[in-house]
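Structure first, commentary second.
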Amino acid sequence: MKLRVKPTALRAAVLLILIAAQLALMAATIWTTSQASALLNGALSLVSLFVVLYIVRANADPSYKLTWSVLILIVPVFGGLFYLFFGLQPSSRKLRRRIAGLEAAAKPYRRQEAGVIEAIGAMRDDFARQAGYLNRTAGFPAYDRSSAVYLTSGEAKFEQLKAELAKAERFIFLEYFIIEAGLMWDSILAILEEKAAAGVEVRVLYDDVGCLLTLPAGYAESLRRKGIRSAAFNPAHVYPSTILNHRDHRKIVVIDGRVAFTGGVNLADEYINEVEKFGHWKDAAVVLRGKAVDGFTLMFLGMWNLETNGSDDYSRYLSGDAAGRAGDEADGRGDYIQPYADSPMDYENVGASVYLNIVNAARRYVYITTPYLIVDHAMMTALCLAAKSGVDVRVITPRHWDKRVVHMTTRSYYDELVSAGVKVFEYLDGFMHAKTFVSDDAVAVVGTTNLDFRSLYLHYECGAVLYGGRAVLDVRDDFSRTLERCDAVSPGEYRPRNFVGRLFLQVLRLFAPLL
């Protein structure tokens, strides 16, 4: 029987082999016994010293500084070079100028409407601080005249998405980390092809590394032949590249400027439990209508133009008064919604700050779902302090893991959290992939950002803050129902019983920022 290899798997294997070969050749050159090698070793050790000094002075999370410094000290010859390839934030002037230009083009369309933040503040003062931070510092306005519907599963999103795509008349924008052929994507693709043939403008942006094992090389071109404008974000290359660390982890759909989707659900069959990978897949999404859709329209166009080096007249795609009226009709003056994005290309950690603000402002409770719980000192301190102060802090993580080492690292945080009074639960039925925060029946976040270093600091992410409204209570109720399918973590349950086990977990924690 002839062995058949999937083209996607072969592509990934070839890339890894070529990268490994280059690193092995570099290492062999460095570690030979010649005089030239000795001089090279000395020079690289000196580079490592300067790299450590740079890291210590850098405006970065202390956990990153410690991890990279220790790694370089362990392998002083190769460590500094490794950081320059894989750890250094990209400093391409051309790329930064391009991003700055795109932000400047979007800025006129991100003006905060008068009275919205004040109205949010009338609900609670700390909400106005959150909204003000996202508007003034990160550049994302809050909207009224909007509505949000919380979707409790990938299946619910799939059905709602198909229904909304079928109504498209002007344009469809899709941006995803993972796309894979199967029932979900094939059904959506059929609608996209039909709409494109009817004259609807359809664009698809997917992350190249996220789809490395799920899509064949050149898939964007095959979509273009179907009349669908498509691009692969930050394509993978055979040579080591810092920028490859920065993936587009966002999940965005915008249709006609009237409806938008975001959340944890990618376009692959495990997300709708059509295939089983790690037991039952629990996820979440939110569908928005009204003025808040503009926030996601601008996010998509900015990322699209960054990858394609294009430019768009943003005003052609924004909602206008019709969507504002739709929001009014949907729920009086509408819900208060604040879409936001996070980028690794600056030093403003928007996603982490949104989460921290909610934890620090919680008065009665904060409930969290996340597939990974690998947090820095600031988030660990905030969660523990909230619990010690009497706030009911609950976190649901998966019992069934997708990455063993990452799950072991997640569990290494349990004991410290539980000892402080944080209630940690594991979802028994399968994999918890939802990324949600909800607090005090008053504020919630549904988005793409995991509670781990990669999502919080290295990836492009997005989400929506919901202030008040029915959707906030729906997030809370979904958490409560899910809790019935969870097992509480007991104090010391995952604490290693011997010195070797404890040492191993400490090493995992040390290198958590690289996972």
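Worth a mention:
- Annotation note: trypsin sites (Lys or Arg not before Pro) in the range 399-494 located in DSSP loop regions with a Cβ neighbour count of at most 15 within 10 Å are LYS403.
- Each part gets one Cα centre, and for the range 154-197 versus the range 252-316 those centres are 10 Å apart.
- The range 350-514 - Rg and Dmax from Cα coordinates, angstrom: 15.0, 50
- A DSSP coil position with no more than 11 other Cβ atoms inside 10 Å describes the following trypsin sites (Lys or Arg not before Pro) in the range 107-178: ARG111, LYS167.
- Sequence of ASP477, ASP283 once ranked by neighbouring C-beta atoms within 10 Å, starting from the fewest: ASP477, ASP283
- The local environment of TYR143, defined by Cβ-Cβ distances under 9 Å, has a net charge of -2 under the rule Lys, Arg +1 and Asp, Glu -1.
- Packing-based exposure ordering (other Cβ within 10 Å, fewest first) of CYS462, CYS384, CYS211: CYS384, CYS211, CYS462
- Overall, the range 350-514 carries a charge dipole of about 360 debye about its Cα centre when +1 sits on the Cβ of Lys and Arg and -1 on the Cβ of Asp and Glu, all other atoms neutral.
- Rounded to the nearest 20, the size of the Cβ-charge dipole of the range 301-448 about its Cα centre is 680 debye, with Lys and Arg at +1 and Asp and Glu at -1.
- Here the range 231-312 is assigned +1 on the Cβ of each Lys and Arg and -1 on the Cβ of each Asp and Glu. Its dipole about the Cα centre then comes out at about 260 debye.
- Note on VAL209, VAL500: ascending count of other Cβ atoms within 10 Å places them as VAL500, VAL209, the fewest first.
Every number here is computed from the coordinates shown, using simple stated rules; none is lab data. Note that the coordinates shown come from a computational prediction; the quantities given were computed from them, not determined experimentally. FYI the Cβ positions are ideal-geometry reconstructions off the backbone, even for glycines, and counts take in every protein chain you see.
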